[in-house]
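Please treat every number below as a calculation from the coordinates, not as lab data. These numbers were taken from a predicted model, which means no experiment stands behind them. Counting neighbours? That spans all protein chains shown, and the Cβs are built from the backbone with ideal geometry, glycine included.
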Amino acid sequence: MMKQMNLEFDDEPAKKTIVLRDYQEKAVNDIRQCMMHGKKRIILNSATGSGKTATSVDIISKTAQNGFKVLFLANRRELVFQAKATLENFGLDCGMIMSGEESDLDKPVQIASMQTFIRRMDLEDLAENRWFHDAKLCVVDECHSSVSPSYLKILNAYGDDVYTIGLTATPGRGDQKPLGEYYEEIVSTISVAELTEQGYLVPARYFVPSTPDLENLKMTAGDYNKKELGERVNQAKLVGDIYENWSVICPDRPTIIFATNVAHSISIRDAYRKHGVEIEHIDARTPKEERGDAIERLRSGKLRVITNVGILTEGFDFPEAGCIVLARPTKSLGLYIQMGGRGLRIAPLKQNCIILDHGGCVSEHGYLDDEIEWTLEGKEKAWSKPKRKEKEKKTVKCTACNLVFEGSDRCPDCGSIVKSFGKAIETLDAELIEAKGKKKLSRADKRIFWGMTQHYRAMKCYKQGWAAWHYKGFTGVWPRGMDDVAPIKPDEKFLNWLRHVNIKKAKSRVNDGS
């Protein structure tokens, strides 16, 4: 009988201390309990930014100390290198199984590219290659992909002799179905809401400026058909709207854009470059050197924006990302969480992450910190969300600035009042402060407005003409006899009006094709 694997430390300590948070320690103990009850195929479900890697390092370290070999599987080169660097940083001696890299199969822990591993299984006789039989623990990174034929060929080669731990924030297949055909148990840790409350993640702020027409789109494998979806979203007005809203709301934030397909991503890149923004596009066919260079330039601040197709969705760590643009509509909750989660990690001076949703994802799936119940059972969906009670907060959208919020009839961003507060997400009328043609202003009102305009102009170092044009836009007349008016700090109503004007200008430029 095979010796049962345990997750206890031997007397000899690890080379480097691994300090786990309380919920990570609980996850390790829960996995141990599952193993003691005969479960060998376990998913560690933990949110992006919760430290899945640190938890898995603790398990791998304990397994290796007990004399067992470990195989760590990843599905992209970047993830293989990232995993090896992390494990070695904690003092683990790791080999690498990946094309173009030197192998050392004598090392107790091997980090493997799934693609390389499957090819070598086909080329070599398993009876001759003892490594494939000797691994006692297999850790599968981003395991929501691990029920594919390629992954299952590797995992099934071990039969019941191996313990498998899958790591993912979203334990569901790409077609939204559960992972129960291979895994036996899900060990869930801490939620996004709890991580945010404890300061391990930043909160998200959602803006929904525009969405494409998704009516009657063909479905393929549980999501929108990529070809038809690409044709719907890759239109000049929609692509221009992505840039225009970003330029108004958060142009100074490091930004990751998730596009629908390569043509769409390139169109987005070109729209940003037209306005002088440093941006690069990457996809699976981008040469690895160019891909790596673009990512490093983003990290260093030399690049402000990256638009990508299917590259930065999983396992990409860039805590400084302050804006995530969802230009890719999806029916997959898992994909939505993976994309949005790239922006939730904490970084110095980072207070929140702005989500610019041009794909209708918030309307489709809700907030990133909504409660989710994952399951291995059933044939339809891998998740369910507890239904909100009637008295709970309703989600609404401000049409003045496009912020999505809940719990108030006043927009927390621009101060607009939502007239039809309490409905589901939809475009709601806001009481915009636009006085021209609606009411007469007193002399005092005009002087106050001119003072605020002058204060804002000086703060932004704008020319005097800027103030005059905006004064006329609000009052309907040019500023005359205002030389004695001192600058006045703008109030909430002034800033709300100015934001509304900027958004209208941005949309007008797109409509004019400028």
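Miscellaneous remarks
- Pairwise FRET efficiency - residue 236 versus residue 121, Cβ, R0 = 56 Å, nearest 0.05: 0.70
- For the residue pairs 472/504; 237/274; 460/504; 460/489; 40/177; 136/385, the alpha carbons lie more than 24 Å apart in 136/385.
- Largest-first principal axis extents of the Cα set of segment 92-230 (Å): 58, 41, 33
- Fully extended contour minus Cα-Cα distance, from residue 373 to residue 25, at 0.36 nm per residue: 123.2 nm
- Rounded to the nearest 20 debye, the dipole magnitude of segment 119-241 is 460 debye, with +1 charges on Lys and Arg beta carbons, -1 on Asp and Glu beta carbons, and the Cα centre as origin.
- Stretchable slack from residue 88 to residue 459, in nm (0.36 nm times residue separation minus alpha-carbon distance): 128.6 nm
- For a label point 7 Å along the Cα-to-beta-carbon line of residue 317, residues of segment 270-309 with backbone N under 13 Å: none
- Dipole magnitude for the chain: about 2960 debye, using +1 per Lys or Arg Cβ and -1 per Asp or Glu Cβ, origin at the Cα centre.
- Extension gain, residue 225 back to residue 252 (0.36 nm per residue minus Cα-Cα distance, nm): 6.3 nm
- Placing +1 on the Cβ of every Lys and Arg and -1 on the Cβ of every Asp and Glu, with no other charges, gives segment 22-191 a dipole of roughly 340 debye about its Cα centre.
- Within the shell defined by Cβ-Cβ distances under 13 Å, the residues around residue 188 carry a net charge of -3, with Lys and Arg each +1 and Asp and Glu each -1.
- Pairs exceeding 29 Å between alpha-carbon atoms, taken from 153/218; 107/302; 84/218; 397/493: 153/218; 107/302; 84/218.
- Projected-area mean, segment 204-370, by convex hull of Cα positions, square nanometres: 9.2 nm²
- Using every pair of distinct Cα positions in segment 22-191, the Kirkwood expression returns a hydrodynamic radius of 16.0 angstrom.
- Summarising the label geometry, the points placed 7 Å from Cα in the beta-carbon direction at residue 104 and residue 493 lie 7.2 nm from one another.
- All-pairs Cα distance distribution in the chain, expressed in whole percent, bin size 10 Å: 3, 17, 25, 23, 15, 9, 5, 2, 1, 0
- Percentage, to the nearest whole number, of Cα pairs in segment 257-314 over 16 Å apart: 38 percent
- Over segment 34-125, the pair-distance histogram of Cα-Cα distances with 5 Å bins from zero comes to 2, 12, 21, 25, 19, 13, 6, 1, 0 percent, rounded to whole numbers.
- The local environment of residue 200, defined by Cβ-Cβ distances under 10 Å, has a net charge of 0 under the rule Lys, Arg +1 and Asp, Glu -1.
- Calculated on the Cα set of segment 443-511, radius of gyration then Dmax: 12.1, 40 Å.
- If you plug the beta carbon distance of residue 504 and residue 472 into 1/(1 + (r/R0)^6) with R0 = 25 Å, you get a FRET efficiency near 0.95.
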